[in-house]
Each structure stands twice: as C-alpha cells, then as structure tokens.
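What follows is calculated from the coordinates using simple rules that are stated; it is not laboratory data. All values reported here derive from a predicted model rather than from experimental measurement. Cβ: placed from backbone, ideal geometry, glycine included. Neighbour counts: every protein chain shown.
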Amino acid sequence: MGISKFFHSVVILSTACWCITASAQPSDRFSTQGTVFQVGLFLPLNSKSIFLNTKDDFYFPEEAQIAVEYAQGLMLAFEELASKGMKAQLHIVDILDSTDFSRGLKQLSNAHLLFGMFHGKELKTINELSFSNHIPVVYALPTLTSPVSGNQYFILGSATLRSHCEYLFEYVYRRHFGDRVLLVGRKQVAQEMEVLSYFQSLNQKKTEAGLYPLPWIVFQDTGRLALRNLADSLSHLLTNVVILASNDAQFINSIMHHLSKHAEKSIKLIGMPGWRTLERISPSLLDSFDCLISTSFFYERTDSAVQHFRNNYQARFLVPPSEHALRGYDHGKYFGNQLAQFGRWMLGVFPPPASPPVASVFKVVPVMQGENVLYRENKGVFLLRYTQGKWQRFSGS
C-alpha cells in the first residue's frame, strides 16, 4: 500500500463507525430482516503514534498496516452483504489507544458480532466482554493453539496446528496405510516435538477405537548416523511417506538433499503449513519430490473470483489488496452472512458458505471438553502440492 494512502486509511478507520445500509430487498435467506446489526472490529491501528512528514520520514508499524488491510477487506464484504439487504453498523476500535479502547468496550457491550486482532491484556479484556455479554468474537490472527479456553463465543478464524495434524494424519491413514511412513523431527525443537506428539496421540486414538494403528518409524536425531538410519529405512517396494515436522528452511533443505540421493525409491514428502511462505526452501529440491502441505488459506491470482475481488477492492480503496485484505473479506462474507441469516442464534449451526470463499475454507465446529464448549474453531483445511515451481491446490485428498 502506498505510504500516503495507508496514512489516510488509518486516519479514516480510527475511531470510526461505518453505517452499511441495505441497498436491496433482504435476501430470502436473511431471517433477520429489519435488524441493524452492531459489529465491532478491534484492531492495533496505533493511530496516535503514526506520522508522515516525507516519504523518508514516517512511522507506520507493520501490524497497523496488516490491520488496515484486514479491515478494508471485511468492510468490502459487508458492503456486498448490504447489496443483498443486510443492515449493519461497523465500529472500528483502536486497541492501542486507551481512550478509544475504553470507549469501544462500552459501546460494543451489546454488539451482535466482534472481529479482531489482539493479544495480551487486550485479548483478555475482549474475551471477557465476549463471554459476559454472549457476543461471538472472531479471532482473526492465525494461531498455533487457541489463546483462550472456556468461552463458547470465541471463534478461531483459522485452523490450529493440531487441526492441521489431524487432517494430514487422516490423509496418510486413508491413502497410505500399508506403505512405509517415517516421522522426522528434532527433539531439541519444541514445536517439532509437539507435531510428533499430535501424530502419536492421533494414532493412539485409532487403537482405542479398536482400529489398527498406522505403523511408522520415528526419527528425532539429526546426526550422520541418524540420517544414515533414515536412508536405510526407506523401502524399495513401498511408497515412503516422510512427514517432516519442521518449519526450519535449513533443516528442511538438508533432509530433502539427503533424501534426493535415493531417487530410485518412491518418496512422498509431507510438510507443514508454514512451508508455503518460507522463502529459503529450495524450489529445485521441492520439485524433486511428490510434496504436499496443508493450509487454511490459498488463492490463485488467475482465479476469476480472486480477480473479481481484486478489481472491486482496488476500485473501492485505490490500492491492490494483500493476503490480509483477502482474509478479512472471506471472514466478513462468511460470518457476516451467518449473522444475517441467524442473528443471535448464529452459533447454533455453521453451514457451508452460501458462495465459495475466495481463499479460505470454512468448517466451524465446537471444541469440546466433556459436555463443555471450550471455544469454536474453523477447522477448514485442504492440501497443496508443489508442482512446476509453485504450490497448487491438490484435489486428490
């Protein structure tokens, strides 16, 4: 986004209330005709700290730019819902401005729906607002685990790492039971061990359900002997499914380089969601394998829905959209439509989207502990395959 346009956007968005008025008769799907929905958006705009003197003398924090882009995508979604008859007031709150934050908390105590990017004490405060007043709140930041528990109104907008592991495990169990499966991670890296523990607990659940567990070999060391053992464990007859539980580009490249020496064997490499945005992974090594990863968010620039969004966004805000704008648009379209259809009862059921999202997939379910709902999570996940130098949607899952 251009510097001056970004500055202008922050000034306009901060402490703003946008009235989004229906420009058409309400859709038959909207059972809440006549309701003017109050929607809150809590963002780290940092509006009192930014400044623009010259093109070389300015201060725009990255998190504020991301917040603006997300907000503008979400606004565009609600404007499109208004064209179908929905009425809403969108309240923008700067969580880094204590006065505006306090005002927003009071103003939105009876809101119908909240969105936001927050953590720390702001997360705790907004979570309390949501729980005490029974207000659904969509957490817009990607997260490895849920930052809250015990609030059935708290909705994770994207899948956690555990949900990605569940999806990958079920794919391997369904498609490669009987093949050679190898789990690779470093015991000194906590997140890699967490991924391996997720896979092992999922396998244990198969045993507890009276099903055969998935046979596999686990490698937790990275020395020369361990790499030799990994190579020796590869099958000449079966497909070798190597699940590499790392987001460290250097380690990923070293494992791929080692495996590439055994091109005569059939090797399928399964990586982590973060691989899509890692810049230092070797494209040539990726291309030498049948490589899959999971994701909750992906788009092709040539897709007609993406081009339609880009054109509308650029016409509305005079700048090209980012991934954050796309995410805001998908969140606004799905959860806004849910609100228009079901109002206060929107948590009762989360049907598939009325129209396909541009870059996301939605499968919102309650995460339970016994009979209690800990939070709700969008567990929508799909697979990407690396083909001819780029990631593409994989339809064979």
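For percent of Cα pairs over 40 Å apart, pick the label among [x] 24; [y] 49; [z] 12 that corresponds to the value derived from the coordinates. Answer label, from the structure shown: [x]. Principal-axis analysis of the Cα atoms of the chain puts helix 3-13 at an angle of about 60° to the longest axis. Counting neighbouring beta carbons within 10 Å and listing from fewest to most, the residues Val241, Val319, Val349, Val68 come out as Val349, Val319, Val241, Val68. Cα centroid distance between segment 169-204 and segment 345-380, in Å? Taking the Cα centre of segment 345-380 as reference, the centre of segment 169-204 is 25 Å away.
Counted by neighbouring Cβ atoms within 10 Å, the residues Lys205, Lys261 run from fewest to most as Lys261, Lys205.
For the chain, the relative contact order is 19 percent, taking Cα pairs closer than 8 Å that sit 6 or more residues apart in sequence and dividing their mean separation by the residue count.
Mean sequence separation of contacting Cα pairs (under 8 Å, at least six apart), scaled by the length of segment 47-203, corresponds to a relative contact order of 12 percent.
Between Gly116 and Phe42, Val138, Ala140, the built amide H atoms are under 5 Å apart, and every one of these is 5 or more places off in sequence or on another chain. Name the shape class, rounded, prolate or oblate, that the alpha-carbon gyration tensor gives for segment 223-353, where a ≥ b ≥ c are the square roots of its eigenvalues, rounded holds for a/c under 1.5, and otherwise prolate holds if a/b is larger than b/c and oblate otherwise. Note, shape of segment 223-353 comes out prolate. What shape does segment 329-397 have by the C-alpha gyration tensor, where a ≥ b ≥ c are the square roots of the eigenvalues, rounded means a/c under 1.5, and otherwise prolate means a/b greater than b/c and oblate the rest? Judged from the Cα gyration tensor, segment 329-397 comes out oblate (a/c at least 1.5, b/c at or above a/b). Compared with the dominant principal axis of the Cα atoms in the chain, helix 304-317 is inclined by about 40°. Residues whose amide H lies under 5 Å from that of Ile217, counting only those 5 or more places away or on a different chain, are Val181, Leu182, Leu183; hydrogens are built 1.01 Å from N in the peptide plane. Which of these, Leu196, Leu227, Leu339, has the largest mean-square fluctuation under a Gaussian network model of the chain (Cα springs below 10 Å)? It is Leu227. Hydrodynamic radius of segment 161-295 by the Kirkwood approach over all distinct alpha-carbon pairs: 15.1 Å.
Taking θ as phi - 60° and the Karplus parameters 6.51, -1.76 and 1.60, the scalar couplings of segment 346-361 work out to 5, 7, x, 8, 10, x, x, x, 5, 9, x, x, 6, 9, 10, 9 Hz in sequence order, x denoting glycine and proline. Quick check: the angle from helix 249-260's long axis to the longest principal axis of the chain, C-alpha only, nearest 10 degrees? Around 40 degrees separate the two axes.
Where a ≥ b ≥ c are the square roots of the eigenvalues of the C-alpha gyration tensor, would you call segment 136-178 rounded, which needs a/c under 1.5, or, failing that, prolate if a/b is larger than b/c, or oblate? In terms of gyration-tensor shape, prolate.
Across the options Leu237, Tyr313, Leu269, the greatest Cα extent toward the positive end of the charge dipole of the chain (unit charges at beta carbon of Lys, Arg, Asp, Glu) belongs to Leu237.
Backbone phi angles across segment 81-91, fed through the Karplus curve with coefficients 6.51, -1.76 and 1.60 (θ = phi - 60°), yield HN-Hα couplings of 5, 5, 5, 9, x, 7, 10, 8, 10, 9, 9 Hz in residue order; Gly and Pro are listed as x.
A simple charge model with +1 on the Cβ of Lys and Arg, -1 on the Cβ of Asp and Glu and nothing else charged puts the dipole of segment 161-295 at about 120 debye relative to its Cα centre.
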